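The values are calculated or read from the model by the stated rules, or taken from the named source; none is laboratory data. As the structure is a prediction and not an experimental result, all values here were calculated from the model. Backbone-built Cβ (ideal geometry, glycine too); neighbour counts: all protein chains shown. With ligands, DNA and RNA removed, areas are computed over all heavy atoms of the protein, side chains included. Shrake-Rupley method; radii C 1.70, N 1.55, O 1.52, S 1.80 Å.
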Amino acid sequence: MRHFLSHELSHDAGKFRSAVSFRSIHRSAASVTPARNLCLVLLVFSIVFLSSSFGQQPFPTSRADVNRSGANTFETLLTPSNVNQNSFGRLFSVPVDYVVMGQPLYVPNVNIPGKGTHNVIYVVTEMDSVYAIDADNGSQLWYASMLNGGTTASGIYLPCGSGPGFTQEGITSTPVIDATTNTMYLVAKTLLNTTVRHHLHAIDITTGEEQAGSPVLITATSISNKGHKTIFNSLHQKNRPGLLLLNGVLYLGFGSNYCNDGNSGWVLSYDAASLSQRNVFNASPDHGLTSIWQAGVGLAADEAGNIFIETAEAGASGYDVPSGGQTFCNSVVKLFPDLTLADYFTPWSVGYLNSHDYDLSSTGAIILPDQDGPFPHELIAGGKQGIVYVLNRDNMGMYSPNDSGVLQEFALEPGTVNDVLFGSPAYWNNTVYFAPNASPLMAFPLSGGLLGTPIKTSATFPGSHSPSISANGNSNGIMWVMNGPLLAFDAVSLKLLYGTNQAPGGRDTLPPVGHFVTQTVANGRVYIGTRNSLEAYGLFQVLTVTGGNAQTATVAAALSAPIQVQAINPYTGQPDVGVAINFSDGCKPGATTCGSFNPNPAVTDSNGNASTTYTVPKKAGAYSLTISATGFGTATATATATPAAPIRIVAYGGSQQTGAAGSNLARPLNAQIQDIYKNGVPGITVTFTANKGAVPNPSSVVTNSIGVASTTLRLPTTVSTVTATASSTGLKNTNFVEYSVAGPAANVAITGGNNQFAPAGTQLPQALTVLVTDQYGNPVPAVDVDFDDSSAGGTYAYSNPSVTSNSGTATQFYTLPPSPGTINITATAGSAPPAVFKETGQ
């Protein structure tokens with residue numbers, strides 16, 4: 001049955017009216033009573049949520065809810081304290097037949113015929129396949145193909161080629177699940193007899209079988225106000241946005257395959273029970289294009305049942321709404337439940353956006369909860385350009401100079417305009433989270449309905465995927481996002497908690513993913529569809545030390561009590577039975593200082609308990625014990641090995657030193673008290689003595705933590721070999737041999753050759769001889785003595801300066817100058833006062 005509707009927009013109690021109208025084809029004449037039916041839906045959802053409020057909740061639709069908040073606020077297991085590389089990581093990987101683009105969906109407690117009750121994660125692929133996978137262990141529960149006698153679209157049947165990262169197209173969008181009827185709704189593209197088709201499927205989530213009346217071929221026709229007729233052509237259309245189920249009605253969004261060819265932006269609605277088409281909206285019924293793709297984010301809805309979409313660029317015709325056209329390109333469009341136009345916002349820069357491919361439809365709208373301030377009903381939209389728009393859902397602003405109808409508008413990264421934003425932000429705890437491309441992650445607080453100054457990460461992150469939030473109500477918030485690896489941040493501080501690239505050995509490495517895919521956080525786990533698998537990340541099994549921690553024993557002895565461990569499943573709280581628990585003190589195999597565990601491994605009993613006795617190593621010290629098992633996070637305990645009884649005293653350093661007589665040796669004398677394993681024994685008194693007048697200070701010392709006693713030795717004032725002795729009650733003494741040598745030159749004394757007479761020009765008959773001594777009168781050997789006649793013209797028989805002998809003397813023969821006279825010759829050694837010889841030439 002065909003009939004036409006025109007709708008006249010009104011705002012502010014009729015003060016502002018626009019004569020924009022739109023014709024659409026309706027497949028059913030059934031009246032729409034959105035308010036009544038919405039109340040019924042909300043009541044049903046309230047009952048479902050209340051009935052399971054203490055367990056994990058379903059994740060039945062794109063971005064968790066119809067507001068597309070991206071937040072699972074019923075997550076009771078994942079917290080900022082346990083999401084780290086030690087206790088969190090990859091749990092399992094399940095192969096699938098091709099690229100996953102839709103967001104995985106989760107339903108708990110599904111009764112699978114013949115297999116019992118399971119928590120189930122549902123995955124769809126571009127091979128037109130649907131998988132039901134046990135969300136707890138990764139086992140496949142059932143598989144179903146949506147090919148319906150055809151094949152996937154590929155080759156010439158994908159007019160835009162393989163730009164999005166796949167060469168075959170099947171199921172692209174995120175399905176939606178009605179948990180009250182156990183029905184999953186999805187759109188599959190197939191090729192049958194050279195014709196590309198889209199079918200709407202309703203399948204039983206317990207079996208994968210089609211429900212009655214499913215599937216239905218998707219067709220649509222629109223007629224514009226100018227009378228232009230457009231027929232939906234699956235060859236040129238892609239169902240990219242996630243499906244919306246609201247008030248018993250399914251809403252499907254369509255755009256291009258990846259390029260602008262023969263597509264248009266469509267929204268189609270179907271009765272969820274009968275799968276009969278209800279209404280059609282074409283975002284550009286005269287000129288086409290104006291895709292609705294939203295980087296996969298589902299069509300959004302508010303509490304009044306209004307539908308919100310974002311569109312992409314127009315063709316050469318451009319934006320024609322101000323002149324009476326219907327090309328709602330690069331706009332945020334509000335639709336009534338019957339898909340008639342309710343309101344819209346188009347940026348004043350729409351011409352620039354069109355010409356530069358800066359789609360608004362690179363993002364999906366997010367509906368905010370009621371806000372304080374004059375505009376309680378708001379949404380947030382954006383686009384590739386990275387401009388954020390905060391809009392009043394009751395008066396969206398239409399197309400007004402300089403966007404005067406917008407509540408708030410700003411650039412996430414001023415000066416950056418190249419493909420900044422894809423997907424949608426997330427909302428949690430009065431905060432909006434963005435993950436723009438090649439930019440910091442950002443958390444904007446909301447106040448009075450406006451976004452405030454954000455918290456930002458110090459690092460920037462390439463790629464732009466929609467962030468998600470997991471939280472337990474308003475606590476334990478974690479922001480999850482992909483930029484190559486999966487990353488987790490504390491949602492309050494934006495401190496990095498975990499990344500799949502952190503664990504050694506590539507343990508958690510995330511395989512390549514499809515275009516703009518989004519993680520699903522549910523069931524205490526994070527599920528991600530990749531190009532060939534479903535990856536599940538979550539908490540490792542928990543090992544807890546329940547006894548025997550922080551004990552002390554003498555080296556090479558067993559701890560007095562066993563080390564006790566319990567293994568618990570973090571998801572069930574039940575003990576893990578029969579698990580082999582491994583113990584290690586970090587000792588390399590074969591090392592002589594290793595401790596030992598008995599048994600190792602130890603196997604958990606019916607209560608999840610295991611124990612082992614640890615014999616500490618022969619080397620004293622504190623030991624960190626690592627406790628591990630396959631699939632478990634590690635636990636640690638400590639043990640301390642103390643030295644055994646002392647059996648010897650050894651010179652531990654400071655022997656064989658040489659020092660100036662009467663001085664302190666440069667290094668202390670160290671004596672160590674040792675046990676049988678050469679461990680130093682603390683707390684033992686050591687007495688130091690010395691001969692030849694040397695003095696140790698202090699003379700009595702108690703050994704320190706490594707068994708060492710230290711003293712400083714003052715050498716005697718004489719040149720000698722000194723023996724210092726370290727002794728302790730009951731132990732054999734140990735000696736230190738030290739050397740007291742002459743100190744620096746302090747005195748130069750003439751011992752021969754002074755006051756001689758000889759003919760001028762001849763050698764004096766006696767050598768000039770001096771004795772060099774230190775401050776204590778000890779002869780100083782090997783010191784230079786310089787003889788100097790103040791340039792009188794005499795000469796020396798030996799090289800000058802001379803070097804003192806072992807007895808401290810230095811000699812030099814001197815030849816007088818040719819001219820007669822008295823000559824003063826000084827002998828200088830170091831800083832000592834010089835000696836002066838007086839010689840006469842006749």
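Listing for the model above:
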| item | result |
| --- | --- |
| The chain pair-distance distribution - Cα-Cα, 20 Å bins, rounded % | 13, 31, 17, 13, 13, 9, 3, 0 |
| For the chain, accessible area per residue (1.4 Å probe, heavy atoms of protein chains only), Å² | 39 |
| Amide H contacts under 5 Å for Asn82, placed H, 5+ residues apart | none |
| Cut-off under 5 Å, modelled amide H: who pairs with Lys238 long-range | Gly255, Ser256, Asn257 |
| Accessible area in the full protein assembly, largest first, 1.4 Å probe, for Asp204, Asp357 | Asp357, Asp204 |
| Cβ crowding within 10 Å averaged over residues, with 808-819, 60-71 ranked highest first | 60-71, 808-819 |
| Nonlocal amide H pairs with Ser466, under 5 Å, H built at 1.01 Å | Ser424 |
| Debye, to nearest 20: dipole size of the chain, +1 on Lys, Arg Cβ, -1 on Asp, Glu Cβ | 1340 |
| Cross-link pairs Lys588/Lys619; Lys115/Lys189; Lys619/Lys732; Lys229/Lys334 - those with Cα-Cα distance over 19 Å | Lys115/Lys189; Lys619/Lys732; Lys229/Lys334 |
| For region 554-566, Karplus couplings with θ = phi - 60° (6.51, -1.76, 1.60), whole Hz, Gly/Pro x | 5, 3, 6, 10, 7, 4, 6, 10, x, 7, 10, 9, 10 |
| Rounded to 10°, Cα long-axis angle of helix 34-51 versus longest principal axis of the chain | 40 |
| For the chain, share of DSSP beta bridges that run antiparallel, in % to the nearest 5 | 95 |
| Taking only Cα atoms of region 405-449, radius of gyration then Dmax in Å | 11.4, 31 |
| Helical contribution to [θ] at 222 nm, DSSP H n ≥ 4, -39,500 (n - 2.57), averaged over the chain, rounded to 500 | -1000 deg cm²/dmol |
| Rg/Rg_globular for region 676-829, with Rg_globular taken as 2.2 N^0.38 Å and Rg from C-alpha atoms | 1.70 |
| Ranked order, Val521, Val579 - accessible area, probe 1.4 Å, largest first | Val579, Val521 |
| Carbon plus sulfur fraction of accessible area for the chain, probe 1.4 Å, in percent | 53 |
| Cα gyration tensor category, rounded, prolate or oblate, for region 139-250 with a/c compared to 1.5 | oblate |
| Prolate/oblate/rounded label for region 561-696 (Cα gyration tensor, a/c 1.5) | prolate |
| Length gained when the stretch Thr552-Ala438 is fully extended (0.36 nm per residue, less Cα-Cα span) | 35.8 nm |
| Candidate residues Glu839, Glu413: accessible-area rank, largest first, probe 1.4 Å | Glu413, Glu839 |
| 21 Å Cα-Cα reach of Lys456 towards lysines, excluding residues that sit fewer than 8 places from it in its own chain | Lys384, Lys495 |
| Proximal aspartates and glutamates to Lys692, defined as alpha-carbon separation beneath 19 angstrom and excluding residues fewer than eight positions away on the same chain | Glu738, Asp774 |
| Selection from Gly578, Pro646, Asn607 lying farthest towards where the dipole of the chain points positive, charges on Cβ | Pro646 |
| Hull-based mean projected area of region 228-315, where the convex hull spans the alpha carbons, in square nanometres | 5.7 |
| Cα-based shape type of region 237-392, given that a ≥ b ≥ c are square roots of the gyration tensor eigenvalues and the cut on a/c is 1.5 | oblate |
| Span per principal axis, largest first, for the Cα atoms of region 478-556 (Å) | 61, 31, 23 |
| Point-to-point label distance, Asn800-Asn182, nm (Cα→Cβ direction, 7 Å offset) | 11.9 |
| Where only C-alpha atoms are counted, convex hull volume of region 54-202 per residue in Å³ | 148 |
| Ordering of 253-264, 165-176, 455-466 by burial proxy (mean other Cβ atoms within 10 Å per residue, highest first) | 165-176, 253-264, 455-466 |
